[in-house]
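Visitor: Can you keep this structure in mind? I'll have questions shortly.
The values are calculated or read from the model by the stated rules, or taken from the named source; none is laboratory data. Quick caveat, the model's predicted, so the values are computed rather than measured. Cβ sites come from the backbone with ideal geometry, for glycine too, and all protein chains shown count toward neighbours. Just the protein is used for accessible areas: all its heavy atoms, side chains included, with ligands, DNA and RNA removed. Shrake-Rupley method; radii C 1.70, N 1.55, O 1.52, S 1.80 Å.
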Amino acid sequence: MGIRTGAQYIEAVKARKPEVWLSGKRIENVFEEPVFKQPILEIAKLYDMQHGPEFQEKITHVCEETGERVNNAFLVPKSYEDLVKRRNVFEAFAKATFGLMGRTPDFLNVVVTSMYYNSWFFEKYNKNWAENVRNYYKYIRDNDIFLTHAIINPQNDRSKNSHEQKDTYTHLGAVNETPDGLVVRGAKMLATLAPVTDEVIIYSFPGFAPGDEKYALAFAIPIDTPGLRIICREPMQDGQRSFFDHPLASRFEEMDALLVFDDVVVPWDRVFLHNNVEAANKLYPMTGAGQQPAHQSGVRGLVKLEFATQVAMKVADTIGVDGYLNVQDQLGELAQSLESIRALLKVAEYEHTMTEHGEAMPAYVPLETIRGLLPKMYPRAIEVIQIVGAGGLLMSPTGADFESDELRGSIDNYYVGREGVTSLERVSIFKLAWDLCGEAFGQRLLQYERYYTGDPIRKRGIFYNNYKRQTSLTMVDEALKGAQLDNKEALTN
Ligand SMILES: Cc1cc2nc3c(=O)[nH]c(=O)nc-3n(C[C@H](O)[C@H](O)[C@H](O)COP(=O)(O)OP(=O)(O)OC[C@H]3O[C@@H](n4cnc5c(N)ncnc54)[C@H](O)[C@@H]3O)c2cc1C
Ligand SMILES: Nc1c(O)cccc1C(=O)O
């Protein structure tokens, strides 16, 4: 089949019956649930972009193996040019969602593509696992499948390993092996967009210890597999609020969910790893499943930071405060943050390395630097919008107020901005800004940027240790040459 259309994606959502729980209710028809409907339509637009003349050549390619057109997220990058082809899709999808949807289909499709190309890793442990990964990649590529993932154990007692938790199956683990497959029980988090996806892939960030064998697993199954329960967090919009009042929250909310596996049978051909702590800990660093999607996250994060910066600039301009030096200082800081990320991304692509297996890997240091900086830069951008917009952010009337004949005169008078900015324009911009910096929707976006790539503190620690290993501190030695206590001679060269 190759690339799907938006309509085909929606048909697939309608055809599935996952066990979705939202605010205490079982959702029978995911597509008709107002909380999910508009986000589904936004994702459908991404699938349609693959078919439109503006994007098709840029974001898709003809698969050598099948002759079908597939998304560039499924392209195994073998050169700088391939990385650019992948960036094109990351950028197009991010721009279509202003970078606000982090887990658009390209993200996990890149993860699985990387696992596929590095199936040598699985082969080392078990030939069947490698074969399963390869077949799975082809399945999702050829059917343009949309995945969610859950790679974190639930947050119960972080001071204990999986096998030390209160209940044996608090964390997702294997129960037994049957001819039909591996039976799994327990929970995993935090599956963004789970209710509206086709499949879920389970693997883990490193961190398993001896004793955790039953929790060391990786697999993928359809999202409506019997026994798989999706418990959504409280929604941050009800799907009923108007586009005018909530121009972002009404469109781009990504639901997050806890996944509970109640003795789910994972068919053997979908098991990628099982009962092996070493393999589970090495999967993320060794298969490119960590580094390749960081390219997607970097591009998407850049678009989101650019959007937040533009919103801050527009807010300031609308009320005539961007002539003040203090405001310029803050807006200039955002612009410089943004341009730093843009430059880092270019470096990551130009300075890519070729793995011994021939995969072009965007460079580690600039990508990891982005991962370290964005969790600080994005919250700062949100703070600047709050500071510059100040009290006005809380003063916006609703669309209904604009439509009231009795109020309209007051609204036209008292909500205007600087000269040339009507009240409708000013209020529209402030509503957009408030969705981003004030609403629960915006707070989730901020939390996403802090944590989507794992704990930024521990990530930076790992980065520092790697950096130290690769850096010889020769400049210090050089500077100290001749500065020994017993050296009285002047340095002449
Ligand atoms: C909006 C959002 C969407 C997400 N979407 C997904 C998704 O789709 N799929 C997915 O798998 N994950 C997703 N994540 C989860 C993300 O991977 C985790 O939030 C992240 O890895 C951090 O784990 P945690 O939230 O359990 O925090 P914890 O690990 O519980 O950390 C809590 C605090 O304790 C500290 N801490 C904990 N353990 C240690 C330690 N050993 N040493 C030092 N300090 C420690 C941390 O620094 C932190 O301050 C998402 C997260 C967010 C916020
Ligand atoms: N956050 C990630 C994820 O959920 C899967 C794969 C990679 C990442 C990451 O950003 O490192």
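Visitor: If I ignore ligands, DNA and RNA and count only protein heavy atoms, how much of W120 is accessible to a 1.4 Å probe, in Å² to the nearest 10?
Guide: 70
Visitor: With the full set of protein chains in place, find how many percent of the accessible area of region 6-286 is carbon and sulfur; take the probe as 1.4 Å.
Guide: Details: 5600 of 11070 Å².
Looking at region 6-286 in its full context, I get 51 percent from C and S.
Visitor: How much mean residue ellipticity at 222 nm does the chain get from its helices, if each DSSP H run of length 4 or more adds -39500 (n - 2.57) and you divide by all residues, to the nearest 500 deg cm²/dmol?
Guide: Working: 18 runs with 242 residues, N = 493.
Value at 222 nm, helices only: -15500 deg cm²/dmol.
Visitor: On to the next question. With every protein chain kept in place and ligands, DNA and RNA left out, what is the accessible area per residue of the chain? Probe 1.4 Å, answer in Å². Write out the running numbers ahead of the final one.
Guide: Values: 22320 Å² over 493 residues.
On a per-residue basis, the chain sits at 45 Å².
Visitor: Same structure, new question: Starting at the first residue of region 205-216, write each ³J(HN,Hα) from the Karplus equation 6.51 cos²θ - 1.76 cosθ + 1.60 with θ = phi - 60°, in whole Hz, x for Gly and Pro.
Guide: Here the 3J(HN,Hα) series is 5, x, x, 6, 10, x, x, 8, 3, 5, 8, 7 Hz.
Visitor: Quick one: check the C-alpha center-to-center distance for region 33-79 versus region 97-146, whole angstrom.
Guide: After rounding, the separation between the Cα centres reads 15 Å.
Visitor: Relative contact order (percent) for the chain, with alpha-carbon contacts under 8 angstrom and 6 or more residues of separation?
Guide: Working: 843 pairs, mean separation 76.0, N = 493.
Here the relative contact order equals 15 percent.
Visitor: Could you go through region 367-381 in sequence order and give the Karplus-derived ³J(HN,Hα) for each residue, using 6.51 cos²θ - 1.76 cosθ + 1.60 with θ = phi - 60°, rounded to whole Hz, and x for Gly and Pro?
Guide: 5, 6, 5, 4, 4, x, 8, 4, x, 9, 5, 5, x, 5, 4
Visitor: Using the Karplus curve 6.51 cos²θ - 1.76 cosθ + 1.60 with θ = phi - 60°, what ³J(HN,Hα) values do you get for each residue of region 305-313, in whole Hz, with x for Gly and Pro?
Guide: Along region 305-313, the couplings run 5, 5, 4, 4, 5, 5, 5, 4, 5 Hz.
Visitor: Of the GluC sites (Glu not before Pro) in region 31-118, which ones lie in a loop per DSSP and count no more than 16 other C-beta atoms within 10 Å?
Guide: Numbers: sites: E32, E42, E54, E57, E64, E65, E68, E81, E91; in loops: E32, E54, E64, E65, E68.
Those that pass, being in a loop and sparsely packed, are E32, E54, E64, E65, E68.
Visitor: Another question, then. In what sequence, highest mean first, do 250-259, 473-482, 325-334, 411-420 appear when ranked by Cβ atoms within 10 angstrom?
Guide: Details: 250-259: 21.3, 473-482: 8.9, 325-334: 15.1, 411-420: 13.5.
In descending order of packing, they fall as 250-259, 325-334, 411-420, 473-482.
Visitor: For the chain, take N as its residue count and report Rg(C-alpha) divided by 2.2 N^0.38 Å.
Guide: On the way: Rg = 24.9 Å, N = 493, 2.2 N^0.38 = 23.2 Å.
Relative to the 2.2 N^0.38 Å estimate, the chain comes out at 1.07.
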